[in-house]
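Notes follow the structure.
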Amino acid sequence: MKMANFTLHHHLAFLLLFAAPLVAFDISTPENFLQCLSLHSRNASAISKLVYTPINSSYSSVLDITIQNLRFLTPSAPKPLFIVTPLDISHVQATIICSRQYRLQMRTRSGGHDYEGLSYLSEVLFVIDKTAWVQSGATVGELYYRIAEKSNTLGFPTGVCPTVGVGGHFSGGGYGTLLRKYGLAADNVIDVQLVDAQGRLLDRESMGEDLFWAIRGGGGGSFGVVVSWKVKLVPVPSTVTVFTILRTLEQNATKLVHQWQLVANKFPNDLFMRLTLQSNNSGPNGTRTMQAIFNTLYLAGVDSLLEVTRSRFPKLNVTRQDCTEMSWIESVLYFAGFPSGTPSEVLLNRSSNTKAFFKNKSDYVKEPIPESGLEGMWERFFEEDQRVPIMEWNPYGGKMAEISESAIPFPHRAGVLYMIQHITIWTTGGNEVAPKHVSWIRSFYSYMAQYVSKSPREAYINFRDLDIGMNNVIGDTSYKQASVWGKKYFKENFDRLVRVKTAVDPDNFFRHEQSIPPFSS
């Protein structure tokens with residue numbers, strides 16, 4: 001199947017440069033740094049327009065535009081000395097070379113959804129023979145839109161939030177409504193272009209299979225700057241079916257949630273049924289209650305969906321009136337929360353209007369939580385402000401259970417019933433009320449320990465959580481120290497990631513609070 005090429009013009013990524021710890025910053029460095037960039041760039045004349053410093057009038061808007069978590073959008077938050085918005089791969093190579101020369105620490109940002117703010121677009125995107133090259137600065141929404149421009153029967157298994165940058169998303173795994181059918185985004189990456197710590201441009205063949213393995217799920221910011229990804233597109237039907245069904249405690253939500261745990265990972269692979277849990281004052285006479293929201297995508301028509309739900313999950317009582325048939329791209333908009341009839345061009349909007357303050361955590365569940373455990377969760381939800389705590393349960397099984405834990409660094413496969421994203425999100429009170437809400441989610445996380453994976457208690461690398469451990473910002477980080485958090489994200493794959501890191505970046509140029517460290521010399 002041949003398709004015409006198409007292009008999407010954006011920056012490759014944002015490269016943010018900070019003064020390295022305990023290194024004096026020479027006042028002459030800005031001018032010298034720019035000269036260094038010009039010297040090592042193929043398109044040297046454009047460099048001055050691509051670099052922003054705090055004295056530039058556009059500096060703040062460029063830095064802040066894609067940051068989603070308002071906890072980190074404050075005057076006191078650390079700010080980079082330079083922001084580089086490369087238009088050419090040579091600009092990325094030059095930035096790495098010059099950052100090493102001037103001992104600047106580099107962070108790469110393809111989007112603004114890093115949960116702990118550790119990372120704070122696309123030059124070419126084309127499709128041919130059911131594959132696409134996507135540059136790291138493209139967003140998930142742009143990727144969906146450009147695929148749909150060319151075909152209504154091809155898609156890609158990536159996330160539901162359109163403003164997420166694909167670079168960070170793919171680096172940590174990347175999941176969405178197709179994970180039970182096709183696995184993760186990283187499972188469907190077949191080649192990359194990466195600039196390493198020496199400024200060399202590498203592809204899969206030249207980097208070797210160890211490094212290619214590591215960057216598909218090993219987390220962003222550890223091994224180099226991936227400037228583009230070659231992905232395998234997947235078939236989707238011209239018509240899919242969706243529904244969203246809400247049940248409260250008064251409508252038997254506790255038993256439905258318990259039953260969901262028994263069936264969601266065993267549904268046919270074409271059926272993805274996500275569960276969202278939140279509390280509000282919608283109970284009788286304005287009392288507090290829980291809401292269980294069953295949000296579903298089925299890769300076929302409504303008649304078949306009704307047969308499946310009636311036989312596998314009859315207590316949910318799905319009706320034809322609950323269901324809507326639509327195209328695949330319309331389902332993307334549906335899961336992103338856009339109203340029916342919204343034009344797909346909205347997916348090209350790189351900025352989000354839903355910025356908020358939040359703190360998130362993650363868990364994996366391997367045994368169903370009993371009803372008594374669920375009731376304990378509801379009690380703790382009621383201790384927080386309404387609508388502030390949210391849980392999203394994403395079912396596994398299907399393709400996720402068929403892929404080996406060691407196929408890529410992402411290890412959470414067979415035996416996982418579902419993944420939990422714990423969310424506490426607020427829009428009023430700002431950082432003044434952050435201690436209260438962060439304390440609540442940490443307490444709730446402690447309560448959940450008895451019901452989730454153990455030894456280690458697993459977590460998802462793309463949902464960064466510094467509570468579970470971090471590297472030293474100043475000085476070396478020991479393998480023992482890093483493995484405290486590394487084993488939770490990667491299990492035994494962490495050892496292999498450290499070996500790859502030691503081979504490709506022994507000086508630990510690419511580093512942050514939860515980057516893969518090399519073995520100490």
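The values are calculated or read from the model by the stated rules, or taken from the named source; none is laboratory data. None of the values given here were measured: they were computed from a predicted structure. Glycine also receives a Cβ, built like all others from the backbone with ideal geometry; neighbour counts cover every protein chain displayed. The protein model used for the area step is the full one, side chains on, heavy atoms only, and it has no ligands, DNA or RNA in it. Shrake-Rupley method; radii C 1.70, N 1.55, O 1.52, S 1.80 Å.
Residues of segment 202-220 that are at negative phi, in a loop (DSSP other than H, G, I, E, B) and modelled with pLDDT of 95 or more: ARG216, GLY218. Looking across segment 82-97, the residues that are open to solvent by less than 10 Å² (accessible area, probe 1.4 Å) and touching a strand residue (DSSP E or B) at 6+ places or on another chain (Cβ under 8 Å) come down to PHE82, ILE83, VAL84, THR85, PRO86, HIS91, VAL92, THR95, ILE96. The residue that is nearest to ASN462 (Cα to Cα), counting only those in segment 134-160 that are among the hydrophobic types (A, V, I, L, M, F, W, C) and in a loop (DSSP other than H, G, I, E, B), is VAL160. One residue alone among ALA336, ALA300, ALA356 is over 26 Å from the mean Cα position of the chain (by Cα) and surrounded by fewer than 19 Cβ atoms within 10 Å (Cβ to Cβ), and that residue is ALA300. Within segment 501-513, the set of residues being modelled with pLDDT of 95 or more and open to solvent by less than 10 Å² (accessible area, probe 1.4 Å) comprises LYS501, ASP505. Selection of segment 172-200 for residues being closer than 16 Å to GLY219 by Cβ, in a helix (DSSP H, G or I) and open to solvent by less than 10 Å² (accessible area, probe 1.4 Å) yields only ALA186. For segment 442-458, the candidate set comprises residues that are among the hydrophobic types (A, V, I, L, M, F, W, C) and assigned to a helix (DSSP H, G or I); within that set, the residue that is nearest to SER372 (Cα to Cα) is MET448. Among the residues of segment 235-284, the one identified as among the small types (Gly, Ala, Ser), more than 28 Å from the chain's Cα centre (by Cα) and surrounded by 18 or more Cβ atoms within 10 Å (Cβ to Cβ) is ALA253. Scanning segment 378-391 for residues being among the aromatic types (Phe, Trp, Tyr) and open to solvent by 60 Å² or more (accessible area, probe 1.4 Å) gives a total of 1. Within segment 354-388, the only residue that satisfies the criterion of being at pLDDT 95 or above, out of contact with any strand residue (DSSP E or B) (no Cβ under 6 Å at 6 or more places or on another chain) and β-branched (Val, Ile, Thr) is ILE369. Going through (1) within 21 Å of ARG496 (Cβ to Cβ); (2) part of a loop (DSSP other than H, G, I, E, B) one by one, THR163 falls short only on (1).
In this structure, LYS480 does not qualify as closer than 18 Å to SER171 by Cα and surrounded by fewer than 23 Cβ atoms within 10 Å (Cβ to Cβ).
Scanning segment 392-441 for residues that are in a loop (DSSP other than H, G, I, E, B), open to solvent by 30 Å² or more (accessible area, probe 1.4 Å) and of a type outside the set (A, V, I, L, M, F, W, C) yields SER404, GLU405, SER406, GLY415, THR427, THR428, GLY429.
If the condition is being among the hydroxyl-bearing types (Ser, Thr, Tyr) and either under 18 Å from PRO409 (Cα atoms) or out of contact with any Gly (no Cβ under 8 Å at 6 or more places or on another chain) (or both), then segment 152-190 contributes THR153, THR158, SER171, TYR175, THR177, TYR182. Within the option set ASN471, ASN493, ASN462, being surrounded by 13 or more Cβ atoms within 10 Å (Cβ to Cβ), under 23 Å from the mean Cα position of the chain (by Cα) and closer than 16 Å to ILE420 by Cα holds for one residue only, ASN462.
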